[in-house]
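Working notes, structure below.
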Amino acid sequence: MKHIAVIFCLAAAPLAAEEPGQYGTLNPDELTWQSQIDKAKRGETSMTLCASGYMLTKSGDHAAARTIFEACARDGYTGTMTWMSQLDNNGLGGEYNPDAAAEWDRRAAEAGDPVGRFNYGLDLLRGHGVSQDEALGRRYVDAAAADGLEIAKRLQDAGYDPDEVTPDADNWKYAPLF
């Protein structure tokens with residue numbers, strides 16, 4: 001068996017651009033949190049970018065997570081809508097805002113997200129961030145259960161008693177974490 005050696009000759013690139021930016025950004029920050037935030041600010045979204053918001057909020061950087069979640073929610077990623085609800089409902093990276101939280105849940109529910117349907121159903125059952133409407137709340141919970149969401153089925157089995165799935169939630173008092 002013969003082996004053929006192939007030698008590639010590459011033209012040497014200049015060591016420095018004659019004008020700044022002439023050859024683009026050299027060694028861009030591609031895998032940093034800041035690069036993810038910058039992409040969201042530019043309106044770029046993807047499943048992996050949206051998932052990075054989860055890591056940011058779990059690390060405690062709720063303001064950065066909001067930047068990513070808001071861009072992703074705008075582009076229809078329903079999971080980020082439910083995360084925005086969680087942030088607004090707990091005053092993380094912004095003010096405590098139950099009305100905004102319920103609106104995020106409604107948007108996710110209307111987009112067909114089972115968790116959004118369940119959460120908005122709970123909002124309506126409780127009258128948290130939205131006018132109380134038990135009949136409509138039950139319909140949203142029923143839709144989530146029909147989608148296979150086990151916790152929605154559990155709530156149905158408990159006669160739609162919110163204490164079954166979130167005990168004492170109606171008695172919690174908002175207190176800022178910091």
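The values are calculated or read from the model by the stated rules, or taken from the named source; none is laboratory data. Please read these numbers as outputs of a predicted model, since none were measured by experiment. Backbone-built Cβ (ideal geometry, glycine too); neighbour counts: all protein chains shown.
Structure values in brief
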| read-out | value |
| --- | --- |
| Enumeration of residues in the stretch 94-141 that are surrounded by 20 or more Cβ atoms within 10 Å (Cβ to Cβ) and either in contact (Cβ under 8 Å) with a residue 60 or more places away in the chain or in contact with a Pro (Cβ under 7 Å, 6 or more places away or on another chain) (or both) | Leu122, Leu125, Gly129 |
| Qualifying positions in the stretch 111-155 - among the charged types (D, E, K, R) and in a loop (DSSP other than H, G, I, E, B) | Asp113, Asp133, Asp147 |
| Condition check for Ile68: of a type in the set (Val, Ile, Thr) and over 10 Å from the mean Cα position of the chain (by Cα) | no |
| Unique match (being part of a loop (DSSP other than H, G, I, E, B), within 30 Å of Thr32 (Cα to Cα) and of a type in the set (D, E, K, R)) among Glu70, Glu95 | Glu95 |
| Test: Arg138 is out of contact with any Lys or Arg (no Cβ under 7 Å at 6 or more places or on another chain), more than 26 Å from His62 (Cα to Cα) and basic (Lys, Arg) | yes |
| Scan of the stretch 41-52 for residues that are buried (at least 17 other Cβ atoms within 10 Å of the Cβ) and either farther than 20 Å from Pro114 by Cβ or free of Cβ contacts under 8 Å to residues at least 12 places away in the same chain (or both), ordered by number | Thr45, Leu49, Ser52 |
| Residue in the stretch 149-171 that is surrounded by fewer than 17 Cβ atoms within 10 Å (Cβ to Cβ), polar (S, T, N, Q), within 25 Å of Gly94 (Cβ to Cβ) and modelled with pLDDT of 95 or more present | no |
| Residue within the stretch 70-92 that is surrounded by fewer than 21 Cβ atoms within 10 Å (Cβ to Cβ), aliphatic (A, V, I, L, M) and within 20 Å of Ala152 (Cα to Cα) present | no |
| Residue pairs meeting the criteria (Cβ under 6 Å; at least 6 apart or on separate chains; first under 15 Å from Ala143 (Cα atoms), in the stretch 155-170; second assigned to a loop (DSSP other than H, G, I, E, B)) | Leu155/Val165 |
| Which listed residue, of Gly79, Gly91, is in contact (Cβ under 8 Å) with a residue 24 or more places away in the chain and within 18 Å of Ala169 (Cα to Cα) | Gly91 |
